[in-house]
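Accompanying notes for the structure given below.
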Amino acid sequence: MVAGGGFAGVSAAQELSKRLRRQRRLVGVRGADPERSFEVVLLNRDNYFVFQPLLADVISGVIATTNVVVPLRRMLKGVSVEVGFLDSVDVKARQLRLRHRSRNSVSVIDYDALIVAVGSVTDFGGVAGMAENAIPGRTLGDALYLRKRALDMLEEARIEDDPARREQLLTFVVVGGGSTGVEVAAELNDLVELAAKSFRDVELKPRVVLVHGRSIVLSELGERLGRYTTKKLRQQRIDLRLGRRVRRVMSDGVELDDGSQIAAATVVSTVGNAPNPLTATIEAGHDARGWLTPDATFAVAGVENVWALGDCASIVDPRTGRPMPATAQHAVREGPHAARNVLAALDGEAQKPFDYGQLGMLVSVGRFKAVGDVLGVKVSGLIGWFLWRTYYLLRLPTIDRRIRVMIDWTLDLLLQPDIVEISMRRTRSRPGEAPGEVPGEPVSAGARQEAEDELTL
C-alpha cells in the first residue's frame, strides 16, 4: 500500500510493480503464485500526478495546464489507484480509512506493508493574516488561480480612476526568496509585464515585490549564485525587499518587520510547511514539530511494516547529520529505495540505509535565464536556462508529456502567447451571485429558487 501520489509515492509504486512483475509475484500477472503474490495499491487525493517543478510555467502560460499533469493509471501499470482522502491509519490493525470525495463514504482498507508519502501541507500559522489574505503557491489550482487573479487585477486597474488604488491593484507581493518564491516571482513578472503591453488605451505599470528575510535570494546555492540571481531579478524590475520579514498580511497589503507597509491587492505565500495531519494518526515516532522520524531505511520505529519518506518525514542524512532536503530530486530516489526495502522486509531479508548525495539544483529566473549548481559546477544565464529545461524535460513522466511540453516551449519562442483569464464560472441555475460575478448577471431560464451549491450523488 502506498499513500500519496507525489514524486516519492509514485516512484515507490512504480518500483514495487516492476520488481513484483519481474518476480511473477504481482497480482494479475500471468503465472503468478497466488500464495506469494501481492497487490500494489496507491491512494491519492486526485487521479493524476502533478509535475510540481513546472507549475511556475503554468502561471506565465508558457505550458498548457494539462501538460503538467499525468493520469496515475497511465503511469502506474499493474497498480490499483484509489482516489479519496486518507482519514487515519490504524497501525495495530493494519488498516486505512479512505474517505471518497463524491459520496463522502468511508472505505476501510487492509494492508500488509504501508509506504507513507503523503507530503506536507501549507503552514500559514507563522504570520498573522496569511491564511485569510494570501494565495499559496503550492498546487495546480493555486497556479491557475494566481494567473487568473493577476490578469483580473490588470482589468480592474484599467478602469480605476484613483491613482493610489490603481497602484495597489497592480502590486503583487511574493513572500519567500527560496527556489519556489524566485520562480513564482519571475514568471508572474513575465506574465504581468507582457499582459500590460496588450492594453493600448492606457498605460499600466505592474510591480512584483519579493520579500525575503536574508540579504540575497537562493542563499542555499551559495554566495555567488545568490548574488547573481538577486542581480538578475533587479534587472527584471522586480522590487526586492531583502533582510525583511512579513509581520502581518492584510486585505490591502503587508506590513514588514521594520514597520513599513506595502499596499497590494495580491499577496502570494511560498513559505511555511507543516506535517500532513494524517501523520498524527500514526502511533509512532515524531519530532517536536510533528514530522515522522523514520530511520535511514525509511522504516518507522515502533511499528511494523510502515515506511515514511518524502515531504511528510524528517529523515536524517548520515553524511551531514541534518534532515534530507524535501526536494523532488531526493523523492524520486527515496521512492524506489523504500520499495526495495519493503520487499526485503516481506521476504525476511536485511534492509539497506538510503545514501544519496544531491547532484545539484537548478532554478529558473525568467525567460532565457536560470541559475544552478550541477555536480559542483556553477551555471547561470542562458546555459543555466538550457540545462534547466533539458533536465526537467527528461524527468517528465511519459513520452507524450515530454513531446507536449517541448512543443509548448518551442511555440513560446516563435509565437505570441495568449493573455487570457480562463473563467471557471458555471451556467447559473439558481439566483444569487457566485464569487467573481457581478450582481444582476442573467440567470438561466427556469432557474431553481432553492438549491444546494453543488450537486451530490
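The values are calculated or read from the model by the stated rules, or taken from the named source; none is laboratory data. Note that the structure is a prediction, hence the values are computed from the model and not measured. Every residue, glycine among them, receives a Cβ derived from its backbone with ideal geometry; neighbour counts consider all protein chains shown.
Observations on the structure shown:
- Selected residue (criterion: nearest to ARG340 (Cα to Cα)) from residues of the stretch 296-316 that are buried (at least 17 other Cβ atoms within 10 Å of the Cβ) and of a type outside the set (A, V, I, L, M, F, W, C): THR297
- Single match in ARG322, ARG340 (criterion: at pLDDT 95 or above and among the charged types (D, E, K, R)): ARG340
- For GLU15, the conditions (1) modelled with pLDDT of 95 or more; (2) in contact with an Asp or Glu (Cβ under 7 Å, 6 or more places away or on another chain) are fulfilled apart from (2).
- Subset of the stretch 213-251 [in contact with a Leu (Cβ under 8 Å, 6 or more places away or on another chain), in a helix (DSSP H, G or I) and closer than 14 Å to ALA185 by Cα]: THR229, THR230, LEU233, ARG234
- Per-region count, the stretch 191-224, residues within 30 Å of GLY376 (Cβ to Cβ) and acidic (Asp, Glu): 2
- For the stretch 158-178, a residue qualifies if it is over 25 Å from GLY272 (Cα atoms) and either crowded, with 22+ Cβ neighbours inside 10 Å or in contact with a Ser or Thr (Cβ under 8 Å, 6 or more places away or on another chain) (or both), and the qualifying residues are LEU169, LEU170.
- Among the numbered conditions (1) part of a strand (DSSP E or B); (2) within 24 Å of ARG19 (Cα to Cα), the only one that LYS77 does not meet is (1).
- Selection from the stretch 273-303 of residues that are outside any strand (DSSP E or B), closer than 30 Å to GLU183 by Cα, in contact (Cβ under 8 Å) with a residue 60 or more places away in the chain and touching a strand residue (DSSP E or B) at 6+ places or on another chain (Cβ under 6 Å): ASN276, LEU278, THR279
- When the stretch 356-400 is filtered for residues that are among the acidic types (Asp, Glu) and loosely packed, with under 13 Cβ neighbours inside 10 Å, only ASP400 remains.
- Scanning the stretch 100-123 for residues that are in contact with a helix residue (DSSP H, G or I) (Cβ under 8 Å, 6 or more places away or on another chain) and not in a strand (DSSP E or B) turns up ASP112, ALA113, ALA117, VAL118, GLY119.
- Some residue of the stretch 2-15 being farther than 27 Å from LEU140 by Cβ, of a type in the set (Ser, Thr, Tyr) and assigned by TED's automatic domain parsing to the domain that holds ALA280: no
- Where ASP57 falls short, out of the listed (1) among the acidic types (Asp, Glu); (2) under 17 Å from GLY181 (Cα atoms); (3) surrounded by fewer than 19 Cβ atoms within 10 Å (Cβ to Cβ): (3)
- The stretch 13-31 - residue that is in a loop (DSSP other than H, G, I, E, B) and in contact (Cβ under 8 Å) with a residue 40 or more places away in the chain and, of those, farthest from ASP112 (Cα to Cα): VAL29
- Selected residue (criterion: farthest from LYS18 (Cα to Cα)) from residues of the stretch 32-72 that are in a helix (DSSP H, G or I) and of a type in the set (Ser, Thr, Tyr): SER60
Condition check ((1) within 29 Å of THR281 (Cβ to Cβ); (2) surrounded by 15 or more Cβ atoms within 10 Å (Cβ to Cβ)) across all residues:
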| site | (1), (2) |
| --- | --- |
| ARG25 | no, yes |
| VAL29 | no, yes |
| ARG36 | no, no |
| ILE63 | no, yes |
| VAL79 | yes, yes |
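- Yes/no for VAL10 being outside any strand (DSSP E or B) and either within 23 Å of the chain's Cα centre (by Cα) or surrounded by 15 or more Cβ atoms within 10 Å (Cβ to Cβ) (or both): yes
- The single condition among (1) surrounded by 14 or more Cβ atoms within 10 Å (Cβ to Cβ); (2) farther than 20 Å from GLY5 by Cβ; (3) at pLDDT 90 or above; (4) not assigned by TED's automatic domain parsing to the domain that holds SER179 that GLY335 does not meet is (2).
- Failed item in (1) over 20 Å from the mean Cα position of the chain (by Cα); (2) without any contact (Cβ under 8 Å) to a residue 24 or more places away in the chain, with GLY141 passing the rest: (1)
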